[in-house]
Amino acid sequence: MEKLIITCALCGAETTTADNPNLPLTPAELADAAVEACRSGASIIHLHVRAEDGKPTMDVEIFKKAHDLIKASTDAIVQFSTGGAVGMSLEERIKPLDLQPEMATLTTGTVNFGNDVFYNPPEYIIAFAQKMQQLNIKPEIEIFEGGMIKNAFHLVKKGLLTPPLHFDLVMGVPGAMGAGLRELAYLVESLGEAVTYSVAGIGRHETTLGTMAIALGGHVRVGFEDNVFYHKGILAKSNAQLVARMARIAKELGREVAKPDEARAILQMPTRRN
Ligand code: KMH
Ligand code: ZN
């Protein structure tokens, strides 16, 4: 089997220090967490940033600080979130792409998100996809519900996405797709053979779904954006601790962990640009 790509989602937009006091928030903390996560086996860093008060923001200067620091201290693929936080406008969410990260997320549909709505109408999806094409940014297509896979293939037909496609199956968000084996099997079957994918299980589903993904030949995402616990009732000490667990499980299952350049090769991305 192909080597395993581990993505680490360091902080997200919703997790707070009340959920886990070890949550990295400032650009310097995010860079330190990225270094540790990479040492433990991560090759992609999924990046959200926070304002000085800890609230989610799409401020380009803050993204630039965090991006520059992470690039200076790791050779990870840095993947910007275009999802941001619920309620953010298209204009806010698209602006950081001007910094030309190697990769960025692209959610191909609207979905309930807890008590909120993660809003991604066709106009937004097209704008993100076009900008990523113009700037040569590799999209990671985020799937929160099954129909979003069909939407992604429709974008290929319209010339807005160019294969090879890479997906992330985000499973177990309250209000969205469930996180069971049947759901995973259905989604992987719907993707077909010609794509790569990772699985992000939310909360207690992180380890079980990640393990299933590793066994199936998929890739895996972990981190405080998705889950703050190591075991039930026991907080994780760091993002790196969650990455290290996945790397250990992969080893037991006979999969080696990809280094960043190996991840670029698997995803058919050019070698790192600065
Ligand atoms: N914070 C969620 C509303 C992404 O990064 O692209 C959206 C999200 C997805 O986290
Ligand atoms: Zn995110």
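Based only on the alpha carbon positions, what is the Kirkwood hydrodynamic radius of segment 132-274, in angstrom?
16.1
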Problem set entry | Dipole-positive endmost among 250, 154, 136 within the chain (Cβ charges, Cα centre) | 250
Exercise. Across segment 251-263, in residue order, what do the Karplus-derived ³J(HN,Hα) couplings come to in whole Hz, using 6.51 cos²θ - 1.76 cosθ + 1.60 with θ = phi - 60° and x for Gly and Pro?
Worked result: 4, 4, 8, x, 10, 7, 8, 6, 7, x, 5, 5, 5
Exercise. To the nearest 20 debye, what is the magnitude of the charge dipole of the chain about its Cα centre, counting +1 on the Cβ of each Lys and Arg and -1 on the Cβ of each Asp and Glu?
Worked result: 540
Seminar exercise, completed: Largest-first semi-axes in Å of the equivalent ellipsoid built from the Cα gyration tensor of segment 1-61 are 23, 12, 11
Exercise. If the limit is 21 Å between Cα atoms, which of 55/95; 131/158; 95/131; 150/259; 95/237 go over it?
Worked result: 150/259; 95/237
For this session: Let me know the shape class of segment 1-114, please: from the alpha-carbon gyration tensor, a ≥ b ≥ c as square roots of the eigenvalues, rounded when a/c is under 1.5, otherwise prolate if a/b is greater than b/c, or oblate.
Result: rounded
Exercise. Using modelled amide H (1.01 Å from N, peptide plane; none on Pro or chain starts), what sits under 5 Å from the amide H of residue 236, excluding residues fewer than 5 places away?
Worked result: 229, 230
Seminar exercise, completed: For residue 156, the accessible surface traced by a 1.4 Å probe with all protein chains present amounts, in square angstrom to the nearest 10, to 40
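Counting every Cα pair in segment 165-235, what percent are over 16 Å apart?
Working: 1069 of 2485 pairs.
For segment 165-235, the fraction of Cα-Cα distances above 16 Å is 43 percent.
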Seminar exercise, completed: If every Lys and Arg gets +1 and every Asp and Glu gets -1 at its Cβ, then about the Cα centre segment 143-274 yields a dipole, in debye to the nearest 20, of 260
Exercise. Toward the positive end of the charge dipole of the chain, about the Cα centre and with charges on Cβ (Lys, Arg +1; Asp, Glu -1), which of 196, 51, 105 goes farthest?
Worked result: 196
Seminar exercise, completed: In whole Hz, the Karplus estimates of ³J(HN,Hα) for segment 65-75 (6.51, -1.76, 1.60; θ = phi - 60°; x where Gly or Pro) are 4, 5, 4, 4, 5, 5, 5, 6, 10, 9, 10
For this session: Amide H neighbours of residue 203 under 5 Å, at least 5 residues apart or on other chains, H built in the peptide plane: list them.
Result: 227
Exercise. Mind checking Rg over Rh on the chain, alpha carbons, Kirkwood formula for Rh?
Worked result: 0.92
For this session: Please report, to two decimal places, log10 I(q)/I(0) for segment 52-149 at q = 0.10, 0.14, 0.19 Å⁻¹ as given by the Debye formula with identical point scatterers on the Cα atoms and no solvent.
Result: -0.27, -0.53, -0.95
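Based only on the alpha carbon positions, what is the Kirkwood hydrodynamic radius of segment 31-93, in angstrom?
It works out to 12.3 Å.
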For this session: Determine the principal axes of the Cα atoms in segment 114-193, then give the extent along each, sorted from largest to smallest and rounded to whole angstroms.
Result: 37, 33, 18
For this session: Could you check how much of the accessible area of segment 1-54 is carbon and sulfur, as a whole percent, using a 1.4 Å probe?
Result: 47
Problem set entry | Net charge of Cβ neighbours under 13 Å - reference residue 254; Lys, Arg +1; Asp, Glu -1 | +1
Exercise. How big, on average over all directions, is the shadow cast by the Cα convex hull of segment 77-118, in nm²?
Worked result: 3.2
Exercise. Once the Cα atoms of segment 230-274 are picked out, what are the Rg and Dmax in Å?
Worked result: 14.3, 42
Exercise. What is the antiparallel percent of DSSP beta bridges lying wholly in segment 40-160, to the nearest 5?
Worked result: 30
Problem set entry | Given 10 as the ceiling on other Cβ atoms within 10 Å, longest exposed-site-free region of the chain for trypsin sites (Lys or Arg not before Pro) in DSSP loops | 1-157
Problem set entry | Filtered GluC sites (Glu not before Pro), segment 17-73: DSSP coil and at most 15 other beta carbons within 10 Å | 52
Problem set entry | 5 angstrom amide H check on residue 47, placed H, neighbours 5+ away | 79, 80, 81
Seminar exercise, completed: Loop-resident GluC sites (Glu not before Pro) in segment 160-238 with no more than 14 other Cβ atoms inside 10 Å, DSSP not H/G/I/E/B, are 193
For this session: Determine ³J(HN,Hα), in whole Hz, for all residues of segment 264-269 in sequence, where each value follows from phi through the Karplus function 6.51 cos²θ - 1.76 cosθ + 1.60 and θ = phi - 60°; x replaces Gly and Pro.
Result: 4, 5, 4, 8, 6, 9
Exercise. In the Gaussian network model of the chain, springs joining C-alpha atoms below 10 Å, which of 229, 113, 63 carries the largest mean-square fluctuation?
Worked result: 113
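The values are calculated or read from the model by the stated rules, or taken from the named source; none is laboratory data. Computed from a prediction, not measured in an experiment: that's the story for all the values here. Glycine also receives a Cβ, built like all others from the backbone with ideal geometry; neighbour counts cover every protein chain displayed. Areas reflect the complete protein model, heavy atoms only, side chains present, ligands, DNA and RNA absent. Shrake-Rupley method; radii C 1.70, N 1.55, O 1.52, S 1.80 Å.
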